[in-house]
Every structure is written in structure tokens, then in C-alpha cells.
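The values are calculated or read from the model by the stated rules, or taken from the named source; none is laboratory data. Not measured: the values here are computed from a predicted model. Here the Cβ is made from the backbone with ideal geometry for all residues, glycine too, and neighbour counts use every protein chain on show.
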Amino acid sequence: MNREGFIDIPSGKIWYRIVGVEKEGIPLLILHGGPGGCHNYLELLEVLSDQRPVIFYDQLGCGNSERPQNRSLWTVEHYVKELVKVRGALKLKTFHLLGHSWGTMLAAAYVLSEHPAGVVSLILSGPFLSAPRFINDQRSHLRELPEETQRTIIECEKSGHFNNPDYQSAMLKFYKKHVCRLDIWPECINQSFTKMGEDIYKYMWGPSEFTVTGTLQNTDLSDRLKEIYIPTLLTCGQYDEATPATTAYYQSLLPNSEMVIFENASHEHHLEKTELFLNTVRTFLNRIEEERKKHD
């Protein structure tokens, strides 16, 4: 059974959908990437609704949610408040929280700023918890591209001609290596790109994953990760934008955490290694719930 609707908050209407409404397991709340992305590319997580409710929502300004043109809303602090409103409206007393990419920063910021009770576990997939570290990793990835591609990127960055077809082609080469390595991208990714809030992405991040000009460029939660004691699973792909080395660094800072690397996969490792990813997440969720029952 599904339930779909909108949550009214002062700044607009937030779309949500719950799959597996009547299941008995602890709900799993999904935070999509971006900023400015939307839920579509994570829909395969619906499979987990055979044991628990799985909850998707589109952050304000993208996907099926309203799109107020108000830049004062495009902050980490606002999206944390938005998450608080979603949780309250859906009456989530206890829940697991899964974030992908930008969604991992939102998840960590929520836990650190709100100190919420009832978050049973965190799953941080393709973690983005330090913008400076993420940027450095992407610059390293760029140095692995052909020299001609590198020159194109450097020239377009200097001129600001980010709509140049050559820059767009270079960007696609990078994405096909580090964002999604599938020969044909699934329709769910195409839908997410079609429905994304592009203005939010450019304002908070920049014209591409590796050219960062936005308000998030200095955001770094690394120093505070030691404060998060919630059981945490970190996942990344071998060729992920969130590199295995960086993901391992985050894992070393989180007191109650574990990490899984998916071979021959990248940032969208949940799509590239779907069965293995879903089994990994399912096993983690079930183990956390079993441990919780032992202590109740």
C-alpha cells in the first residue's frame, strides 16, 4: 500500500510518498542528493518496503515539491528545518535515516543540530560531509582525464563559458566515470535530472560536480562527526566521487560506524550494484533492529 501527499510548511508544499505503509518494521526515511536533486533515482529502495515503510520526499524547490524562488531558503539550516517538519508531519517517532550524496550532509547536520531522539541508524551513501575534501577529490579525478579534456575544463572555468558544448562533453566524460558507469543510464536518473532544481544546484554548488562556486564550498562537518554515536553504515563505490579513502576517513571519525566499498562502481553504486547494495542495507537495518530488541 502507498500513501502520497503534500506537507504544508511556511515556505511551501513538500511532496512525499510512503511505500509499505502497513509494514511493521521501523520506517526508513530517504534524503536525496543535489542540492536541488529529487527522489526518483533512489526509487529502487522501494524494494525494502516488504519489511518496513520506506519514505521519500522531494526537498523544497525540486521534484514534485513547490519551487519558491527565494534564495534565503537555500541553506543547510533551512533544509534541516524542513526535515524536522517532515518528521513531525509524518509522526515518525522512530526511524532509520538514509542519505545519498548531499543527503548525507543533510542527515549529519540534522543529527548534530537537532540532537533528535528516535533516529535508530544512519546510512550515508556516497558521503559528502566535507566540501573542501570533496572538491580536492574531484580535482584529483580530473587529473586522470585525457589532457585535451582537462584543457577544455580549465579554459571554460577561466572564461565562465559553462554552457560551451565542449565543457558539457567533458563533464559527461567525468560523470560516466565517477557518477554512473552504466552504459545506458536508467530512466530514474534521467527523471531526476529533468525534475531537479537547477538554480538551487548552481547557487549552492556550481555548474558541475567538479567546478564549485556556490555557498557550500567551505562547509565541513568533519570536526563534529565524533559527536554522532548513532549506528552508521557508510557506502561508496570504487570509483566514487566520494572516494574510498575519504569515506574511510569519515568512518574513522564516527564512533559507531562501519563501511562497505562496492567494486567496479561509482557514486550511483546503488544502481550499478543494486542487489548487493539492497542486501547490504537490508542486513544492516535488520541487525540494528535485532540489537535494539535485545536492549528493550
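Here residue 226 fits the description: of a type in the set (Lys, Arg), at pLDDT 95 or above and either part of a helix (DSSP H, G or I) or under 16 Å from the mean Cα position of the chain (by Cα) (or both). The residue pairs whose first member lies in the stretch 263-289 and is on the phi > 0 side of the Ramachandran plot, whose second member is surrounded by 22 or more Cβ atoms within 10 Å (Cβ to Cβ), and whose beta carbons are closer than 9 Å, counting only pairs six or more residues apart or on different chains, are 264/237.
Among the candidates 241, 209, the residue that is charged (D, E, K, R), modelled with pLDDT under 95 and assigned to a loop (DSSP other than H, G, I, E, B) is uniquely 209. Out of 52, 67, one residue alone is of a type in the set (D, E, K, R), in contact (Cβ under 8 Å) with a residue 60 or more places away in the chain and surrounded by fewer than 21 Cβ atoms within 10 Å (Cβ to Cβ). It is 67. On the stretch given as the stretch 18-74, residues that are of a type in the set (A, V, I, L, M, F, W, C), assigned to a loop (DSSP other than H, G, I, E, B) and within 13 Å of the chain's Cα centre (by Cα) total 1.
Mind checking which residues of the stretch 221-253 are surrounded by fewer than 19 Cβ atoms within 10 Å (Cβ to Cβ) and touching a Gly at 6+ places or on another chain (Cβ under 9 Å)? Correct list: 244 only.
Scanning the stretch 102-134 for residues that are charged (D, E, K, R) and modelled with pLDDT of 95 or more returns a single hit, 133. Residues that are in a helix (DSSP H, G or I) and of a type outside the set (Asp, Glu) within the stretch 75-94 comprise 76, 78, 79, 80, 81, 83, 84, 85, 86, 87, 88, 89, listed in sequence order. Residues of the stretch 9-35 that are charged (D, E, K, R) and under 13 Å from residue 90 (Cβ atoms): 17 alone.
Residues that are surrounded by fewer than 24 Cβ atoms within 10 Å (Cβ to Cβ) and touching a helix residue (DSSP H, G or I) at 6+ places or on another chain (Cβ under 8 Å) within the stretch 18-28 comprise 19, 20, 23, 25, 26, listed in sequence order. So, residue 171, is that one crowded, with 18+ Cβ neighbours inside 10 Å and at pLDDT below 90 or not? In short, yes. All of 284, 277 fail the test of being closer than 14 Å to residue 121 by Cα, modelled with pLDDT of 95 or more, in a helix (DSSP H, G or I) and not hydroxyl-bearing (Ser, Thr, Tyr), apart from 284. Tally time: how many residues in the stretch 96-124 are at positive phi and either surrounded by 23 or more Cβ atoms within 10 Å (Cβ to Cβ) or in contact with a Ser or Thr (Cβ under 9 Å, 6 or more places away or on another chain) (or both)? Adding up the residues that qualify gives 2.
Going through (1) among the small types (Gly, Ala, Ser); (2) over 28 Å from residue 289 (Cα atoms); (3) surrounded by 18 or more Cβ atoms within 10 Å (Cβ to Cβ); (4) without any contact (Cβ under 8 Å) to a residue 40 or more places away in the chain one by one, residue 72 falls short only on (3). Set side by side, the residues 14, 18 differ, and just one is modelled with pLDDT of 95 or more, over 23 Å from residue 235 (Cβ atoms), among the β-branched types (Val, Ile, Thr) and in contact with a Pro (Cβ under 6 Å, 6 or more places away or on another chain), which is 18. When residue 190 is tested against (1) part of a loop (DSSP other than H, G, I, E, B); (2) free of Cβ contacts under 8 Å to residues at least 40 places away in the same chain, only condition (1) is not met.
Here residue 22 meets the list (1) out of contact with any Lys or Arg (no Cβ under 9 Å at 6 or more places or on another chain); (2) of a type outside the set (S, T, N, Q); (3) within 30 Å of residue 212 (Cβ to Cβ) almost entirely, failing just condition (3).
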